[in-house]
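The values are calculated or read from the model by the stated rules, or taken from the named source; none is laboratory data. Keep in mind that this is a model prediction, so the values were computed, not measured. For neighbour counting, all protein chains shown are included, and Cβ atoms are generated from backbone atoms with ideal geometry for every residue, glycine included. Side chains included, ligands, DNA and RNA excluded: accessible areas come from the protein's heavy atoms. Shrake-Rupley method; radii C 1.70, N 1.55, O 1.52, S 1.80 Å.
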Amino acid sequence: METREISKAVVKRLPRYYRYLGELLGEGVERISSNDLSERMQVTASQIRQDLNNFGGFGQQGYGYNVKYLYTEIGKILGLDKTYHMIIIGAGHLGQALANYVKFEKRGFRIIGIFDNNPEIRGHLVRGIEIRMMEDLDAFLKENKIDIATLTLPKAAAEEIALRLVNGGVKAIWNFAHTDLHLPGDVMVENVHLSESLMQLSYNITRRDLDK
(Lines give C-alpha, C1' and ligand atoms only; values in the text may rest on other atoms or scores of the structure.)
Protein backbone atom coordinates (compact mmCIF):
# COMPACT_ATOMS: atom_id res chain seq x y z
CA MET A 1 0.00 0.00 0.00
CA GLU A 2 1.38 3.43 -0.95
CA THR A 3 2.22 5.87 1.79
CA ARG A 4 -0.08 8.87 1.51
CA GLU A 5 -1.19 11.74 3.68
CA ILE A 6 -4.39 10.84 5.53
CA SER A 7 -6.50 13.61 7.04
CA LYS A 8 -6.75 13.88 10.82
CA ALA A 9 -10.52 13.52 10.58
CA VAL A 10 -10.17 10.11 8.92
CA VAL A 11 -7.56 8.97 11.45
CA LYS A 12 -9.86 10.09 14.26
CA ARG A 13 -12.66 7.88 12.90
CA LEU A 14 -10.53 4.74 12.52
CA PRO A 15 -10.70 3.67 16.20
CA ARG A 16 -14.48 4.04 16.02
CA TYR A 17 -14.65 1.73 12.99
CA TYR A 18 -12.45 -0.70 14.86
CA ARG A 19 -14.72 -0.64 17.90
CA TYR A 20 -17.91 -1.19 15.92
CA LEU A 21 -16.36 -3.97 13.86
CA GLY A 22 -15.23 -5.65 17.08
CA GLU A 23 -18.83 -5.52 18.32
CA LEU A 24 -20.03 -7.06 15.05
CA LEU A 25 -17.52 -9.88 15.42
CA GLY A 26 -18.80 -10.48 18.92
CA GLU A 27 -22.31 -10.78 17.50
CA GLY A 28 -21.17 -13.33 14.93
CA VAL A 29 -21.67 -11.03 11.92
CA GLU A 30 -19.48 -12.15 9.01
CA ARG A 31 -20.31 -9.54 6.37
CA ILE A 32 -21.79 -6.06 6.42
CA SER A 33 -22.61 -3.46 3.79
CA SER A 34 -21.58 0.17 4.06
CA ASN A 35 -25.28 1.04 4.39
CA ASP A 36 -25.77 -1.29 7.37
CA LEU A 37 -22.55 -0.06 8.98
CA SER A 38 -23.76 3.49 8.35
CA GLU A 39 -26.95 2.85 10.31
CA ARG A 40 -25.00 1.52 13.26
CA MET A 41 -22.39 4.25 13.36
CA GLN A 42 -24.50 7.23 12.29
CA VAL A 43 -21.91 8.02 9.61
CA THR A 44 -23.00 8.20 5.96
CA ALA A 45 -22.26 5.19 3.78
CA SER A 46 -20.47 7.53 1.39
CA GLN A 47 -18.20 8.73 4.19
CA ILE A 48 -17.40 5.16 5.20
CA ARG A 49 -16.47 4.24 1.65
CA GLN A 50 -14.36 7.38 1.25
CA ASP A 51 -12.54 6.75 4.53
CA LEU A 52 -11.74 3.13 3.73
CA ASN A 53 -10.73 3.96 0.16
CA ASN A 54 -7.80 5.88 1.66
CA PHE A 55 -6.38 2.48 2.57
CA GLY A 56 -7.45 0.43 -0.41
CA GLY A 57 -11.19 0.06 -0.01
CA PHE A 58 -11.53 -3.49 1.43
CA GLY A 59 -15.05 -4.04 0.06
CA GLN A 60 -16.75 -5.20 -3.12
CA GLN A 61 -19.89 -3.70 -4.64
CA GLY A 62 -22.88 -5.88 -3.86
CA TYR A 63 -20.78 -7.98 -1.50
CA GLY A 64 -19.99 -5.63 1.36
CA TYR A 65 -17.16 -5.96 3.84
CA ASN A 66 -15.77 -9.10 5.41
CA VAL A 67 -16.01 -8.03 9.06
CA LYS A 68 -13.13 -10.10 10.42
CA TYR A 69 -10.80 -9.10 7.58
CA LEU A 70 -11.68 -5.41 7.84
CA TYR A 71 -11.29 -5.50 11.63
CA THR A 72 -7.86 -7.08 11.28
CA GLU A 73 -6.72 -4.67 8.57
CA ILE A 74 -7.84 -1.56 10.47
CA GLY A 75 -6.06 -2.97 13.51
CA LYS A 76 -2.88 -3.17 11.44
CA ILE A 77 -3.35 0.40 10.17
CA LEU A 78 -3.72 1.55 13.78
CA GLY A 79 -0.61 -0.40 14.73
CA LEU A 80 -2.52 -2.73 17.03
CA ASP A 81 -0.70 -5.79 15.71
CA LYS A 82 2.32 -4.66 17.75
CA THR A 83 3.12 -4.45 21.45
CA TYR A 84 3.94 -1.06 22.97
CA HIS A 85 5.71 -0.66 26.29
CA MET A 86 4.16 2.15 28.31
CA ILE A 87 4.89 3.94 31.56
CA ILE A 88 2.66 6.22 33.59
CA ILE A 89 4.03 9.33 35.28
CA GLY A 90 1.75 10.30 38.14
CA ALA A 91 0.13 7.64 40.31
CA GLY A 92 -2.84 9.66 41.51
CA HIS A 93 -6.46 8.70 40.89
CA LEU A 94 -6.25 9.14 37.11
CA GLY A 95 -2.90 7.42 36.75
CA GLN A 96 -4.04 4.42 38.76
CA ALA A 97 -7.35 4.28 36.89
CA LEU A 98 -5.47 4.10 33.58
CA ALA A 99 -3.15 1.42 34.95
CA ASN A 100 -6.18 -0.62 36.02
CA TYR A 101 -7.82 -0.47 32.58
CA VAL A 102 -7.12 -4.00 31.35
CA LYS A 103 -8.29 -3.37 27.78
CA PHE A 104 -5.11 -1.40 27.08
CA GLU A 105 -3.10 -4.59 27.36
CA LYS A 106 -5.57 -6.46 25.14
CA ARG A 107 -4.89 -3.83 22.47
CA GLY A 108 -1.12 -4.27 22.80
CA PHE A 109 -0.39 -1.38 25.19
CA ARG A 110 1.58 -2.99 28.02
CA ILE A 111 2.17 -0.83 31.09
CA ILE A 112 5.52 -1.79 32.61
CA GLY A 113 6.15 1.07 35.02
CA ILE A 114 4.37 3.65 37.18
CA PHE A 115 6.20 6.61 38.71
CA ASP A 116 5.32 9.20 41.34
CA ASN A 117 7.07 11.48 43.81
CA ASN A 118 4.93 10.58 46.85
CA PRO A 119 7.04 8.37 49.16
CA GLU A 120 3.91 7.13 50.93
CA ILE A 121 2.93 5.04 47.90
CA ARG A 122 6.42 3.79 47.06
CA GLY A 123 6.26 0.08 46.32
CA HIS A 124 2.46 -0.09 46.17
CA LEU A 125 1.15 -2.37 43.46
CA VAL A 126 -1.41 -1.35 40.85
CA ARG A 127 -2.56 -4.45 38.97
CA GLY A 128 0.76 -6.03 39.84
CA ILE A 129 2.85 -3.05 38.71
CA GLU A 130 5.07 -1.46 41.34
CA ILE A 131 4.90 2.28 41.91
CA ARG A 132 8.44 3.64 41.69
CA MET A 133 9.81 7.03 42.66
CA MET A 134 10.74 9.67 40.11
CA GLU A 135 14.37 9.38 41.18
CA ASP A 136 14.38 5.92 39.57
CA LEU A 137 13.02 7.14 36.21
CA ASP A 138 16.28 7.82 34.34
CA ALA A 139 17.76 4.43 35.20
CA PHE A 140 14.50 2.72 34.22
CA LEU A 141 14.54 4.45 30.83
CA LYS A 142 18.09 3.25 30.23
CA GLU A 143 17.20 -0.34 31.10
CA ASN A 144 13.88 -0.50 29.19
CA LYS A 145 12.71 0.58 25.75
CA ILE A 146 9.66 2.74 26.37
CA ASP A 147 7.40 3.42 23.41
CA ILE A 148 4.80 5.63 25.12
CA ALA A 149 4.84 7.69 28.31
CA THR A 150 1.56 8.79 29.86
CA LEU A 151 1.56 12.03 31.85
CA THR A 152 -1.08 12.38 34.57
CA LEU A 153 0.66 14.97 36.72
CA PRO A 154 0.19 18.68 37.49
CA LYS A 155 0.90 20.99 34.57
CA ALA A 156 3.67 22.82 36.46
CA ALA A 157 5.84 19.69 36.26
CA ALA A 158 4.70 18.39 32.88
CA GLU A 159 7.14 20.21 30.59
CA GLU A 160 10.20 19.38 32.69
CA ILE A 161 9.25 15.71 33.01
CA ALA A 162 8.39 15.48 29.31
CA LEU A 163 11.83 16.78 28.36
CA ARG A 164 13.38 14.30 30.77
CA LEU A 165 11.46 11.52 29.06
CA VAL A 166 12.54 12.70 25.61
CA ASN A 167 16.18 12.80 26.76
CA GLY A 168 15.68 9.22 27.92
CA GLY A 169 14.62 8.14 24.43
CA VAL A 170 10.81 8.35 24.64
CA LYS A 171 9.31 9.46 21.33
CA ALA A 172 5.57 9.38 22.08
CA ILE A 173 3.69 11.03 24.95
CA TRP A 174 0.04 10.67 25.95
CA ASN A 175 -0.51 13.92 27.79
CA PHE A 176 -3.30 14.33 30.36
CA ALA A 177 -1.63 17.34 32.01
CA HIS A 178 -3.55 20.59 31.54
CA THR A 179 -0.89 22.17 29.36
CA ASP A 180 0.44 22.02 25.82
CA LEU A 181 3.95 20.61 25.61
CA HIS A 182 6.73 22.18 23.56
CA LEU A 183 8.92 19.29 22.47
CA PRO A 184 11.20 18.41 19.55
CA GLY A 185 9.42 17.83 16.25
CA ASP A 186 10.17 14.10 16.16
CA VAL A 187 8.25 13.51 19.40
CA MET A 188 4.59 12.60 18.96
CA VAL A 189 2.20 14.07 21.53
CA GLU A 190 -1.48 13.24 21.95
CA ASN A 191 -3.12 15.77 24.26
CA VAL A 192 -6.17 14.71 26.24
CA HIS A 193 -7.84 17.70 27.91
CA LEU A 194 -10.72 16.21 29.88
CA SER A 195 -12.01 19.59 31.08
CA GLU A 196 -12.16 20.92 27.50
CA SER A 197 -14.25 17.94 26.45
CA LEU A 198 -16.60 18.57 29.36
CA MET A 199 -16.84 22.26 28.43
CA GLN A 200 -17.80 21.29 24.87
CA LEU A 201 -20.58 19.17 26.31
CA SER A 202 -21.65 22.12 28.46
CA TYR A 203 -21.76 24.33 25.37
CA ASN A 204 -23.96 21.82 23.54
CA ILE A 205 -26.32 21.59 26.51
CA THR A 206 -26.53 25.39 26.64
CA ARG A 207 -27.26 25.66 22.91
CA ARG A 208 -29.94 22.97 23.17
CA ASP A 209 -31.63 24.80 26.04
CA LEU A 210 -31.52 28.12 24.15
CA ASP A 211 -33.12 26.50 21.10
CA LYS A 212 -36.12 25.22 23.07
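Within the listed set L181, L52, L137, the Gaussian network model of the chain (springs between alpha-carbon atoms below 10 Å) gives the highest mean-square fluctuation for L52. When a 1.4 Å probe is rolled over the protein heavy atoms, the share of accessible surface on the chain that falls to carbon and sulfur comes to 49 percent.
Projecting the Cα positions of S195, L181, I146 onto the charge dipole of the stretch 111-212 (unit charges on Cβ atoms of Lys, Arg, Asp and Glu, taken about the Cα centre) puts S195 furthest along the positive direction. In a DSSP loop and with at most 16 other Cβ atoms within 10 Å, the trypsin sites (Lys or Arg not before Pro) in the stretch 110-167 are R122, R127, K145. Pair-distance distribution P(r) for the chain, from all Cα-Cα distances in 5 Å bins starting at 0: 1, 6, 12, 15, 14, 14, 12, 11, 8, 4, 2, 0, 0 percent. Computed from phi, the 3J(HN,Hα) profile of the stretch 137-147 under the Karplus parametrisation 6.51, -1.76, 1.60 (θ = phi - 60°) reads 4, 4, 5, 5, 5, 5, 8, 9, 7, 9, 8 Hz, with x in place of Gly and Pro.
Over the stretch 150-212, with the other protein chains present, what is the accessible area per residue in square angstrom, probe 1.4 angstrom? Can you show the working numbers first?
Numbers: 4210 Å² over 63 residues.
Per-residue value: 67 Å².
Compute the relative contact order of the chain as a whole-number percentage, counting only Cα pairs closer than 8 Å that sit 6 or more residues apart in sequence.
Values: 253 pairs, mean separation 28.0, N = 212.
Normalised by residue count, the contact order of the chain is 13 percent.
Here the spin labels are modelled as points 7 Å beyond Cα on the Cα-Cβ line, and at F55 and F140 they lie 3.2 nm apart. In the chain, the longest principal axis of the Cα atoms and the axis of helix 155-167 are about 90 degrees apart.
Placing dummy labels 7 Å off each Cα toward the beta-carbon, the span from I121 to M133 is 1.6 nm. Close amide H partners of V189, meaning residues 5 or more places away or on another chain with modelled amide H under 5 Å apart, are I173.
Of all beta bridges that DSSP places with both ends in the chain, some 20 percent have antiparallel geometry.
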